[in-house]
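The values are calculated or read from the model by the stated rules, or taken from the named source; none is laboratory data. All values derive from a computational prediction rather than experimental measurement. No Cβ is skipped: glycine too gets one built from the backbone with ideal geometry, and neighbour counts run over all protein chains shown. The protein model used for the area step is the full one, side chains on, heavy atoms only, and it has no ligands, DNA or RNA in it. Shrake-Rupley method; radii C 1.70, N 1.55, O 1.52, S 1.80 Å.
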Amino acid sequence: MESIKVYKERALTSLKGNWGKGVVATLVYFLLIYLPPIVVVGLGLDASGFLPAAVDRLFSSVWQIVLLPVSWGFSVFFFEISRGKNVRVGSLFDGMKQYGRIFTTEFLVGLYVVLWMMLPIIFILILYVATADLNFFFSGVAILASLVIYFYKYYSYAMVPYILKDNPEIKNNKAINLSMKMMEDYKTDLFLLDLSMIGWFILSILTCGIGFLLLIPYVKTVHAHFYEEVKQDLENSRRAFEALGIRLNLQD
């Protein structure tokens, strides 16, 4: 694997001349994802000027789920930039052309992450029902375990958008399993890569969020280059094994 610095340099090289497109695409994406729920909530205020928080969160969640193919298109937008292609902001909506395949796969990714995260919490709930005593120490451990599981699964499934783009015939669990195989030895590498950009994340917050218009294109392009490197590493490993008469099939 290359060093963190190399991925960042590759991303900056890819974004040279494309920063404007990246910023516009990020702005369009966030407006599309977050503005409609805000407008609907505003129109749905009751006489007291409030809308039940549960209704607000429910609508926002459903809206983001419905637009999962657009979220996929957002990742693929920077994936194409990383490959030196001339992309249009309109390509954000390419996922809508194959809505069923993209939606079901990305939905399963989110579902699996949530279900895995729920395991420690379910354990604590069962313990509480059995003992009628909520142990705050174990509750804290369960929350921490859920966070660890979230990051583990997030990085396990991180290659799914790129796999869907590179393999139009693959979908659902097959794409997810392939991502898990690809990331088997690389989750820590991607985690450290993301961790190295925490300073830019903090700076983006200090700029009232404006900095995210630059940070997100940067991160997305870095991730795209990381995928290319993992893919190349695995391809080299495949050739090495096949030279020894051992055939590997990552898509099984």
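For the stretch 144-244, the share of accessible area belonging to carbon and sulfur comes to 66 percent (1.4 Å probe, ligands and nucleic acids excluded). What translational diffusion coefficient, to the nearest whole µm²/s, does the stretch 106-182 have by Stokes-Einstein, given a Kirkwood radius computed over alpha-carbon pairs, a temperature of 10 °C and 1.306 mPa s viscosity? Once the numbers are plugged in, D ends up at 115 µm²/s. Sparsely packed loop sites in the stretch 80-159 (the trypsin sites (Lys or Arg not before Pro) outside DSSP H, G, I, E and B with at most 13 other Cβ atoms within 10 Å) comprise Arg83, Lys85, Arg88. Cross-link partners for Lys171 among the lysines, with Cα-Cα distance under 20 Å and sequence neighbours closer than 8 places in the same chain left out: Lys97, Lys153, Lys181, Lys231.
Per residue, the stretch 59-144 exposes 57 Å² of solvent-accessible protein surface, assessed with a 1.4 angstrom probe and all protein chains in place.
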